[in-house]
Number of protein chains: 4
Amino acid sequence: MSANSFGELFNISTFGESHGAALGVIIDGCPPLLKIDTDFILNELARRKPGQSNITTERNEDNEFEILSGVFEGKTTGAPIAIIVKNNNHQSKDYDELKDMYRPSHADYTYEKKYGIRDYRGGGRSSARETVARVMAGAIAKLFLREQQISIQAYVSQVANIKVEKRYTELDLSQTEKNNIRCPDEKVAQQMISLIEEVKQNGDSVGGIITCVIKGVPVGLGAPVFDKLHADLGKAMLSINACKGFDIGSGFDGALMRGSEHNDEFRIQNLESKIRTSSNNSGGIQGGISNGEDIFFRCAFKPVSTIKMEQQTVNLNLQNVSMKAAGRHDPCVLPRAVSIVEAMAAIVLTDHFLRNKIYSRI
Amino acid sequence: MSANSFGELFNISTFGESHGAALGVIIDGCPPLLKIDTDFILNELARRKPGQSNITTERNEDNEFEILSGVFEGKTTGAPIAIIVKNNNHQSKDYDELKDMYRPSHADYTYEKKYGIRDYRGGGRSSARETVARVMAGAIAKLFLREQQISIQAYVSQVANIKVEKRYTELDLSQTEKNNIRCPDEKVAQQMISLIEEVKQNGDSVGGIITCVIKGVPVGLGAPVFDKLHADLGKAMLSINACKGFDIGSGFDGALMRGSEHNDEFRIQNLESKIRTSSNNSGGIQGGISNGEDIFFRCAFKPVSTIKMEQQTVNLNLQNVSMKAAGRHDPCVLPRAVSIVEAMAAIVLTDHFLRNKIYSRI
Amino acid sequence: MSANSFGELFNISTFGESHGAALGVIIDGCPPLLKIDTDFILNELARRKPGQSNITTERNEDNEFEILSGVFEGKTTGAPIAIIVKNNNHQSKDYDELKDMYRPSHADYTYEKKYGIRDYRGGGRSSARETVARVMAGAIAKLFLREQQISIQAYVSQVANIKVEKRYTELDLSQTEKNNIRCPDEKVAQQMISLIEEVKQNGDSVGGIITCVIKGVPVGLGAPVFDKLHADLGKAMLSINACKGFDIGSGFDGALMRGSEHNDEFRIQNLESKIRTSSNNSGGIQGGISNGEDIFFRCAFKPVSTIKMEQQTVNLNLQNVSMKAAGRHDPCVLPRAVSIVEAMAAIVLTDHFLRNKIYSRI
Amino acid sequence: MSANSFGELFNISTFGESHGAALGVIIDGCPPLLKIDTDFILNELARRKPGQSNITTERNEDNEFEILSGVFEGKTTGAPIAIIVKNNNHQSKDYDELKDMYRPSHADYTYEKKYGIRDYRGGGRSSARETVARVMAGAIAKLFLREQQISIQAYVSQVANIKVEKRYTELDLSQTEKNNIRCPDEKVAQQMISLIEEVKQNGDSVGGIITCVIKGVPVGLGAPVFDKLHADLGKAMLSINACKGFDIGSGFDGALMRGSEHNDEFRIQNLESKIRTSSNNSGGIQGGISNGEDIFFRCAFKPVSTIKMEQQTVNLNLQNVSMKAAGRHDPCVLPRAVSIVEAMAAIVLTDHFLRNKIYSRI
């Protein structure tokens, strides 16, 4: 049992605090002989990196990673892969004045109560800086999935009330990286960006929704009854900082439907004589197991808790006080969270891909 | 690793198929000296039971359970608790004609592809009959939580587009069990019931949403970074048959908000000198750890897949065929699912209550 | 985490007490489509059964098992397999007088202190009756291993100071079941039996050693660094009641040797062009991974704690008292423990066989 | 599931290869507010370090460790603790000539067959260099146990046929660190040292036995039926490189005894009115749970596989060849293994100490 580990066969363990010496991850169970493309890992980190555009935090983080183990002559060996990123850009002083109070909707209060101690610098272990480790592990997972022709693409589908009305099947997802908000609908993207710029000027923050699409998944991934594929995806997403909701396929909208509309009828497609469904309200998963259709799901993100406006809170002496955050922050976490959503999805898929191998008869 | 087990310290393992000899659960890690109230377990099973009203399936199931181990002279001993329910009301014949085809949006196809074999009688392992085991384990968990003054109450908050507009804080949740749909807003409840009756007459089914409220949770439950309390709740709920979505606190609505509205400011309440928040968009969990406020979340359920209308599908010979289900089914799973949602919530809370004990310094 | 579960991918969970309603096991992760030979399971149980000869306890146990789930039309389905055995031959009265005292070298004292409660009837959960569950799970594992041409044979190699001097390679292991003590060296077997009869007449008990040999293991089973194959075998054996020691290959005797004698040199055998070792001090495992040679290990068993002689002990009122056990008991547990050792070995091998499949590329 | 992790609640994950960039460990589940004494960690590493005397390998390793996370202002925070040691003293060239052959009784052959690739430099992941990570984690565990008044002391009790005849209770264990072999019986220690010097001159190696004693253990540690305290200790020890056997209490000698001699009778000691046993053949554990007496066990170590004598083996082209190791090696691993045995024992005890807290009633 390890609260900082995730995955059964493709098992990641992350460590590190926002302003500690380093952040890192150990990946245990990665199949051997996988070629490690370090440029790809760097690129994934760049997608998560703060400071990549004017709508993300201006905070600058170093993302130079070092692989400490598990890779020999460019390939994985089956031994645990440890990767670390040093923390160089400490601005701990920013947090000195906050160390005696509990920032609203942050984890300051709950960590201090649970553990009796907290590293107050930048949120310590509760900081989203931890997701650097997830993105590195996710990059390795993506390299594995690429060999299996499985691809993952997430995008920002909603910021506050500005939303992409088209379904993912009507969009060209390859356009996602073309703008700073990572929304493949360029027109909506510009509206989102304008809104975030406005919110940023007010010192406020804003929430939104990320949609993630996984293509090329073979039939059979997922392990009922508890480790259903979408249950594990749900846990993975809800473990990401600021994620407050998850739904798969028809999701919350499915609650509005009749069975006769919702059911995905099976059909033989003559050309390939393959079983397909004529609709995909199931989101590619039935009974917790992938059915070969696209998997798609949504993640709801609350607005970032750090805002530059004055707020009321309580200090360690149990006094009501007011505070105003000084640190740099994201007005909207979504463009950066796209890479984190994809990383966690890749980890879940790789894990279940390996789990499913057990059932093949020799 | 066990796909049919859930929980770390309060660990349940379920087994059994819809039409096999028996369903059951082993609970490992239940603290010793807990008094087992068998009437309470029976009552929980009755809340899940089919045939309890005209809006649930007329299928009749026996719920006489037998405790095989782990309880001595009415108290738990610390040894694993095994509880089984025999399957007496087999109507396997109902399923004979379906054994050669894949029912739309059921798990027939994915199970057969994954395992190379399936028990086609009533869905076998993929049947919601499995949740009998969860409700029994949940009842034990509730008995434990009762000793800690933690209570759990779920209710049906939406059926199709008929929804309870009031927030849970404006409702009298003790009224939930007063009607067949398990909705504490009596007026809305009657509308829901009418809709389900209509849907049932059409041989169709309908989805909806269950809201669950947990009160009395101490500060400190939850284990970041992956086993955040709401991440484990999310997985628990998404592992329930037909559940397609989960959100906590502000959830998907939080995506629409600004940080300045969403943040829950801390306040000292003078009378008790206790730290409280003035709003609860966090849903009682911050940074993955309970903060002492009420925990509340929603679960979206799709309409039941079994309908009595003709549908198109594929048979085992890869031919397109049409089918019509003969078996008895629920037009709406929600009133019965209330007990399952509560059971899974109780299991998660008990597990994290025990996990949190590790951190107290002797 | 579950203290009553063992194995990662082939995962067993046992439950039940000596005089409770039933004992049983859930096996999760058994590959689907395995044919279940119920006669074979019965036969394995018969090898463990009390009362099978004059040198085992005259206590009679029923071993009629019932498969509750996971098997459909004679084959496993991939769903958890639950098997139970009802307890019919309760003689709880035998234990009434012992309920207020702690039997020497039993688990009465430690269970009561740990859990604050114990089922005193026949030792409750601490009774070796629990191994019924292991033998049933082991039988399933053996059926799987048989398909892989892996065979397991244990035998009694020592009782007190009477020992088989020949190495296992010099013995005909097929003779093991020919006598009541399960020793393939008939002459030594008779000496062992005579000793046990004498010990039994004195109301005493005696210890000994079981040797286990596993043939046909492919190269590659075992998962360093912690789940080395022999480390998992060691834990499996040491978890058996009364087992106090384990060694693999040269074992404790290897401590006496020089590296130049101990090292197993690799050699190509021309006929099959296969890598073999010219000696096997490693016991078939190197670096925690099987190397294709026979695996062999020893398990030391202490003498059974229940004896019919008067002993000194302490009662629940913390008074020194003397006691004399009335219940039926084994003068020597070894002939029955042979089946338990094999069962646990089969579970470990099956588990690591499945674990190793993850590494094969696609 | 993670083969490079050990422990349930006090969970360690190690990574790194002999000649990779770094070795390290993540400890997840360490209670917060534990003071970290870095000098103590350094001292434990020094006890394991090569080159500490003329009877260990002259290979020099750097043991400068760096704590990357989980410690804030000198105390643990409840977050995972990552500690690494850089590998500075690579002499990979020593291994170049060995990369094409399988060294006898090393893991070269099994790793290559299992993973399809191996880091041949110094044994890669299979090298005992990995135990640096264990010793660091063990040092943290010892700091925790020290607070609970639990102490662990191991010593070399046998080298080849030279053995300490006295029982541990007759020895002054505080003398253990006084000589290079770590044997508290000075006279025997000198004989051992002479033997090792002789073996070293011959380019050979020699095995032996380490005895470990744990004092101050409260009643109640251990989790039947599978996670018995001695079963977990056994697995921990058998996972150490070169360890081929484990026994607890009377162990293999117990196999020679009668129940009437072996049983440990309970007695009330009047002065403290505490339940004690009048003998301790159980080795402090009954039914898998500690009974408050001293825990003691033995570990058998084979002679180190690396010797400087010519040996026969096979190369990657499946040809029979002869080889002679050039690298530096230990003639006897035991004096250094004392710290590793203690470290693993400390990890098991800490884990079960935390596990046992779950059972205390609030």
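The values are calculated or read from the model by the stated rules, or taken from the named source; none is laboratory data. These numbers come from a predicted model, not from an experiment. Cβ: placed from backbone, ideal geometry, glycine included. Neighbour counts: every protein chain shown. Note: areas computed on protein heavy atoms with side chains; ligands, DNA, RNA excluded. Shrake-Rupley method; radii C 1.70, N 1.55, O 1.52, S 1.80 Å.
Could you say whether any residue in the stretch D:164-179 is more than 21 Å from the chain's Cα centre (by Cα), at pLDDT 95 or above and not in a loop (DSSP other than H, G, I, E, B)? Within the stretch D:164-179, one or more residues are more than 21 Å from the chain's Cα centre (by Cα), at pLDDT 95 or above and not in a loop (DSSP other than H, G, I, E, B). So which residues in the stretch C:237-281 are farther than 16 Å from D:Gln312 by Cα and of a type in the set (Val, Ile, Thr)? C:Ile240, C:Ile248 - these are the residues of the stretch C:237-281 that are farther than 16 Å from D:Gln312 by Cα and of a type in the set (Val, Ile, Thr). Looking at D:Lys49, is it of a type in the set (Lys, Arg) and within 28 Å of C:Ala231 (Cβ to Cβ)? Yes; evaluated as a whole, the condition is true for this residue. Of everything in the stretch C:154-164 that is within 12 Å of chain D (Cβ to nearest Cβ) and not aliphatic (A, V, I, L, M), the residue that is most open to solvent (accessible area, probe 1.4 Å) is C:Asn161.
Being on the phi < 0 side of the Ramachandran plot, more than 18 Å from the chain's Cα centre (by Cα) and not hydroxyl-bearing (Ser, Thr, Tyr), is that true of even one residue in the stretch C:120-141? Yes, because at least one residue in the stretch C:120-141 is on the phi < 0 side of the Ramachandran plot, more than 18 Å from the chain's Cα centre (by Cα) and not hydroxyl-bearing (Ser, Thr, Tyr). For the residues A:Glu310, A:Glu342, the requirement of being out of contact with any Phe, Trp or Tyr (no Cβ under 6 Å at 6 or more places or on another chain), within 22 Å of B:Gly254 (Cβ to Cβ) and without any contact (Cβ under 8 Å) to a residue 24 or more places away in the chain singles out A:Glu310.
Within the stretch A:84-102, not a single residue is modelled with pLDDT of 95 or more, in contact with a Leu (Cβ under 7 Å, 6 or more places away or on another chain) and closer than 18 Å to A:Leu33 by Cβ. Within the stretch A:20-32, the residues that satisfy the criterion of being at the interface with another protein chain (Cβ under 8 Å from one of its Cβ atoms) and either under 16 Å from A:Val71 (Cβ atoms) or under 18 Å from the mean Cα position of the chain (by Cα) (or both) are A:Leu23, A:Gly24, A:Ile26, A:Asp28, A:Gly29, A:Pro31, A:Pro32. If you go through the stretch A:187-206 and pick out every residue that is part of a helix (DSSP H, G or I) and either closer than 29 Å to A:Pro104 by Cβ or in contact with a helix residue (DSSP H, G or I) (Cβ under 7 Å, 6 or more places away or on another chain) (or both), you end up with 11.
With the requirement that a residue be at the interface with chain B (Cβ under 9 Å from one of its Cβ atoms), assigned to a strand (DSSP E or B) and within 22 Å of A:Pro335 (Cβ to Cβ), what does the stretch A:212-233 give you? If the condition is that a residue be at the interface with chain B (Cβ under 9 Å from one of its Cβ atoms), assigned to a strand (DSSP E or B) and within 22 Å of A:Pro335 (Cβ to Cβ), then no residue fits. Per the conditions (1) part of a loop (DSSP other than H, G, I, E, B); (2) modelled with pLDDT of 95 or more, the sole criterion not satisfied by D:Gln153 is (1).
Just for the stretch D:283-296: of the residues that are at negative phi and more than 9 Å from chain C (Cβ to nearest Cβ), which one is least open to solvent (accessible area, probe 1.4 Å)? Among those that are at negative phi and more than 9 Å from chain C (Cβ to nearest Cβ), it is D:Ile295.
Considering only residues that are open to solvent by 10 Å² or more (accessible area, probe 1.4 Å) and not in a strand (DSSP E or B), look in the stretch D:64-78 and name the one that is modelled with the lowest pLDDT. Here the answer is D:Glu64. Residues in the stretch A:9-19 that are in contact with a Gly (Cβ under 8 Å, 6 or more places away or on another chain) and within 14 Å of chain B (Cβ to nearest Cβ) were compared, and the one that is farthest from D:Glu17 (Cα to Cα) is A:Ser18.
Of all residues in the stretch D:33-46 being more than 15 Å from D:Arg146 (Cα to Cα) and open to solvent by less than 60 Å² (accessible area, probe 1.4 Å), which is farthest from the other protein chains (Cβ to nearest Cβ)? Per the stated criteria, the residue is D:Ala46.
Let's see how each residue does on (1) open to solvent by 10 Å² or more (accessible area, probe 1.4 Å); (2) among the β-branched types (Val, Ile, Thr); (3) within 11 Å of chain D (Cβ to nearest Cβ):
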| position | (1), (2), (3) |
| --- | --- |
| C:Glu97 | yes, no, no |
| C:Asp100 | yes, no, no |
| C:Gly116 | yes, no, yes |
| C:Gly138 | no, no, no |
| C:Lys142 | yes, no, no |
| C:Ile152 | yes, yes, no |
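Selection within the stretch D:268-282: residues that are aliphatic (A, V, I, L, M) and at the interface with chain C (Cβ under 8 Å from one of its Cβ atoms). The member of this set that is nearest to C:Lys302 (Cα to Cα) is D:Ile275. With respect to (1) in contact with a helix residue (DSSP H, G or I) (Cβ under 9 Å, 6 or more places away or on another chain); (2) charged (D, E, K, R); (3) open to solvent by 20 Å² or more (accessible area, probe 1.4 Å); (4) in contact (Cβ under 8 Å) with a residue 12 or more places away in the chain, the lone exception for B:Asp172 is condition (1).
Output the number of residues of the stretch D:258-267 satisfying the condition of being more than 29 Å from the chain's Cα centre (by Cα), facing another protein chain (nearest Cβ under 7 Å) and not small (Gly, Ala, Ser).
Narrowing the stretch D:258-267 to residues more than 29 Å from the chain's Cα centre (by Cα): D:258-261, D:263, D:265-267.
Filter once more, so that each one left must be facing another protein chain (nearest Cβ under 7 Å): D:258-260, D:263, D:265-267.
Among the residues that remain, those that are also not small (Gly, Ala, Ser) are: D:258, D:263, D:265-267.
Summing the residues that are more than 29 Å from the chain's Cα centre (by Cα), facing another protein chain (nearest Cβ under 7 Å) and not small (Gly, Ala, Ser) in the stretch D:258-267 gives 5.
From C:Ala345, C:Ala326, C:Ala300, which residue is at negative phi, modelled with pLDDT under 95 and small (Gly, Ala, Ser)? Please lay out each step first, then the result.
Values: C:Ala345 fails: modelled with pLDDT under 95; C:Ala300 fails: modelled with pLDDT under 95.
Unique residue meeting the criteria: C:Ala326.
Screening B:Ile209 on (1) in a loop (DSSP other than H, G, I, E, B); (2) at the interface with chain A (Cβ under 7 Å from one of its Cβ atoms) shows it passes everything except condition (1). Scanning the stretch B:6-23 for residues that are crowded, with 24+ Cβ neighbours inside 10 Å and either β-branched (Val, Ile, Thr) or within 21 Å of B:Ala107 (Cα to Cα) (or both) yields a total of 9. The conditions are (1) crowded, with 18+ Cβ neighbours inside 10 Å; (2) among the basic types (Lys, Arg); (3) within 8 Å of chain A (Cβ to nearest Cβ), and B:Lys308 fails exactly one of them. Which is it? Failed condition: (3). Are any of the residues in the stretch B:51-62 under 24 Å from B:Ala345 (Cα atoms), in a loop (DSSP other than H, G, I, E, B), modelled with pLDDT of 95 or more and open to solvent by less than 10 Å² (accessible area, probe 1.4 Å)? Taking every residue of the stretch B:51-62 in turn, none turns out to be under 24 Å from B:Ala345 (Cα atoms), in a loop (DSSP other than H, G, I, E, B), modelled with pLDDT of 95 or more and open to solvent by less than 10 Å² (accessible area, probe 1.4 Å).
A single member of A:Gln201, A:Gln191 is out of contact with any strand residue (DSSP E or B) (no Cβ under 9 Å at 6 or more places or on another chain) and among the polar types (S, T, N, Q), and it is A:Gln201. Of all residues in the stretch D:115-145, exactly one satisfies the criterion of being without any contact (Cβ under 8 Å) to a residue 60 or more places away in the chain, touching a helix residue (DSSP H, G or I) at 6+ places or on another chain (Cβ under 7 Å) and either assigned to a helix (DSSP H, G or I) or basic (Lys, Arg) (or both), namely D:Arg118.
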